[in-house]
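The values are calculated or read from the model by the stated rules, or taken from the named source; none is laboratory data. For clarity, every value in this text was computed on a predicted model and none was experimentally measured. Quick reminder, even Gly has a Cβ in these numbers, built from the backbone with ideal geometry, and neighbours come from all protein chains shown.
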Amino acid sequence: MQDVKPETAPVSVSLADSNPLVLSAMSEIFDRDPRFSLVATTSTAEGFLGAVMRVPVQLGVIDWNLPALGGQKLIEVLRDQPAAPRVIVYGDDRGGLPRLAMTAGAAGFSPRKGPVEGLLDTCAAVAAGQMVFPFLDVRDLHVDPIHQMTRRERALLEALSKGLSNRQLAAEFGISANTVKFHLSNLYEKLGVSSRTQAVAFYFSSRLPSEQATMPGPRK
């Protein structure tokens, strides 16, 4: 009589993406793959957190730019939760995002530009206990993005954390509104975020000390 090997239970998964089309497409591919059991989908970080707190899952696939917490803060919050899922970031492979995801505590990263099968294989590998990331120079893993910014950008980020609008920032530093937008765009890319809310959250989570910046002060 032959031994019958027990079937492996599917890996429970929760998905979170701010793009409804991406979320729908991901839901379909996970539903079709017998390796996984899709438990919940949501479009916000708060929705994802609430879902996995109610029904724990093994894996979470998230968009780095989830409203309103953002992926980094969401991963940090999950680290303090018992039975938290292992997180895979599904995002654009640019601006050092894989490194930021790893530093935050994600277990894997899958680029959106790659084939869908790549995301499924990444999830399967992470569920098996592996960490899956594109090639990273490990010498850079402990470099805080804050310290890669110019003093001008750091001063702008600190001012941003005080709730100033673009017009107020322009007046504060004696530059045009278009120049403010230019600096903010560079700032967001270096931090791997897409909004001022996420940039401010990054600022406070980094505990960046106040410093005098070599930048024009407010006009009198």
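Some observations on this one:
- Members of segment 97-118 that are outside any strand (DSSP E or B), farther than 16 Å from Gly70 by Cα and within 16 Å of the chain's Cα centre (by Cα): Ala107, Arg112
- Members of segment 140-176 that are in a helix (DSSP H, G or I), at pLDDT below 85 and loosely packed, with under 15 Cβ neighbours inside 10 Å: Asp140, His147, Gln148, Arg151
- Hits in segment 180-220 - residues which are modelled with pLDDT under 75 and among the small types (Gly, Ala, Ser): Gly192, Ser194, Ser205, Ser206, Ser210, Ala213, Gly217
- Residues of segment 150-162 classified as among the small types (Gly, Ala, Ser) and either in contact (Cβ under 8 Å) with a residue 24 or more places away in the chain or not assigned by TED's automatic domain parsing to the domain that holds Ser185 (or both), total: 2
Per-residue answers, yes or no, for (1) in contact with a Pro (Cβ under 8 Å, 6 or more places away or on another chain); (2) farther than 25 Å from Arg54 by Cα; (3) among the basic types (Lys, Arg):
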{"residue": "Gly70", "(1), (2), (3)": "no, no, no"}
{"residue": "Lys73", "(1), (2), (3)": "no, no, yes"}
{"residue": "Ala83", "(1), (2), (3)": "yes, no, no"}
{"residue": "Arg86", "(1), (2), (3)": "no, no, yes"}
{"residue": "Asp92", "(1), (2), (3)": "yes, yes, no"}
{"residue": "Pro98", "(1), (2), (3)": "yes, yes, no"}
{"residue": "Ala107", "(1), (2), (3)": "no, no, no"}
{"residue": "Pro115", "(1), (2), (3)": "no, yes, no"}
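- Remark: Leu15 matches the filter, which requires a residue to be under 22 Å from Pro115 (Cβ atoms) and outside any helix (DSSP H, G or I).
- Among the residues of segment 104-115, not a single one is of a type in the set (A, V, I, L, M), surrounded by fewer than 21 Cβ atoms within 10 Å (Cβ to Cβ) and either modelled with pLDDT of 80 or more or within 14 Å of Ile62 (Cβ to Cβ) (or both).
- Which listed residue, of Val77, Val52, is buried (at least 21 other Cβ atoms within 10 Å of the Cβ), in the same structural domain as Cys123 (by TED's automatic domain parsing) and not in a loop (DSSP other than H, G, I, E, B): Val52
- Here is the figure for segment 55-74: residues that are within 13 Å of Tyr90 (Cβ to Cβ) and either acidic (Asp, Glu) or in a loop (DSSP other than H, G, I, E, B) (or both) total 4.
- Qualifying residue in segment 28-39 (condition: buried (at least 18 other Cβ atoms within 10 Å of the Cβ), within 20 Å of Ala107 (Cβ to Cβ) and β-branched (Val, Ile, Thr)): yes
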